[in-house]
Amino acid sequence: MKRMMIAGNWKMNKTDEEAIELTSELVKLVGDVKEPKVVVCPPFTSMRSVRDIIKDSNICLGAQNMFWEESGAYTGEISSLMLKSVGCRYVIIGHSERRGYFGETDEKVNKKLKSAMKHGLVPILCVGETLGDRDRGISKDIVKGQVEKAVKGLDLSQVNEFVVAYEPVWAIGTGRPATAEDAEDMISFIRSLLVDAFGDKVMDKIYLLYGGSVKPDNIAEFVSQPTVQGALVGGASLSADKFASIVEKSKV
Ligand code: PGA
């Protein structure tokens, strides 16, 4: 059976009070769901509040970013140790908004992955091409480069769990998702890269997600593709009803 995951990326949204309200609704709606695995990634300011509300449910806690050093004079940064200490299990690394607005290079992504995995966090590695890359017909070259540089020096066959989200930049927050066929094509390409590098068995530990304008009315097309194992959801994860509906429609 295909293992599935639906992860919500709240981005820079929700005050602590709002995060508490959203999480409480989510626990009522999807707190019992085991398959797909449900992950929420609130802002750092609400990690503890969310953790306390989800603690007796099946919902898992994730973060949206981290820095690779463990501690020190890095004003404004958060380390993997700190994330672990608030009950965080997942961490989004290399989201295109971080790559685009905050100078996150493939080398930085690689360092973050190493630190996250060293401390037992499960990375949700984001990759994806821009519209310009797509127009030039180089989407696969770009994604291949991002994947290979991200996992350089890592042995994924040794990890318990690892997540890769294919998020074409032009589909994020635009209401213009990739077609399910295009998503499947790229995600099976990513799968083949990982199998070539780490062997077949590694796929037992990996989730391959699609992200970019996923909504309740299009999730079914994505998850019905053979290689797509769920979604990383931005905008629609801010509404408990929409997110719960996406989770429901991802049950296999
Ligand atoms: P979106 O964002 O669902 O709002 O397009 C997805 C993401 O950035 O992870």
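The phi-based Karplus calculation (6.51 cos²θ - 1.76 cosθ + 1.60; θ = phi - 60°) puts the 3J(HN,Hα) values of the stretch 19-28 at 5, 4, 5, 4, 5, 4, 5, 5, 4, 5 Hz, whole numbers, x for Gly and Pro.
With runs of 4+ DSSP H residues as the only contributors, calculate the mean residue ellipticity of the chain at 222 nm using -39,500 (n - 2.57) per run, divided by the residue total and rounded to the nearest 500. Numbers along the way, then the final one.
Values: 10 runs with 98 residues, N = 252.
Value at 222 nm, helices only: -11500 deg cm²/dmol.
Measuring nothing but how far apart in sequence close Cα pairs (under 8 Å, 6+ apart) lie, relative to its length, the chain scores a relative contact order of 21 percent.
How would you classify the stretch 1-76 from its alpha-carbon gyration tensor, with a ≥ b ≥ c the square roots of the eigenvalues: rounded for a/c under 1.5, else prolate if a/b is greater than b/c, otherwise oblate? Oblate.
Return the ratio Rg/(2.2 N^0.38 Å) for the stretch 42-103, where Rg is computed over Cα atoms only.
Values: Rg = 12.4 Å, N = 62, 2.2 N^0.38 = 10.6 Å.
Normalised by 2.2 N^0.38 Å, the Cα Rg of the stretch 42-103 equals 1.17.
Ligands, DNA and RNA are left out, and with a 1.4 angstrom probe the accessible area of the stretch 5-249 is 44 Å² per residue.
Could you please state how large a percent of the accessible area of the stretch 5-249 is carbon and sulfur, counting protein chains only and using a 1.4 Å probe? It is 50 percent, rounded to a whole number. The convex hull drawn around the Cα atoms of the chain, when projected onto a plane and averaged over every direction, covers 12.3 nm².
Starting from the eigenvalues of the Cα gyration tensor, five times each then square-rooted, give me the equivalent ellipsoid semi-axes of the stretch 45-146, largest first, whole Å.
Details: eigenvalues 156, 52, 27 Å².
For the stretch 45-146, the ellipsoid semi-axes come out as 28, 16, 12 Å.
For the pair Phe44 and Glu17, label points projected 7 Å from Cα toward Cβ lie 2.4 nm apart. Per-residue SASA remark: Arg98, around 60 Å² accessible (1.4 Å probe; ligands, DNA and RNA not included).
The values are calculated or read from the model by the stated rules, or taken from the named source; none is laboratory data. Bear in mind that the values here come from a model prediction, so they are computed numbers and not experimental data. As a convention, Cβ positions derive from the backbone with ideal geometry for all residues, glycine included, and neighbour counts pool all protein chains shown. We work out accessible area using only protein heavy atoms, side chains counted, and drop any ligands, DNA or RNA first. Shrake-Rupley method; radii C 1.70, N 1.55, O 1.52, S 1.80 Å.
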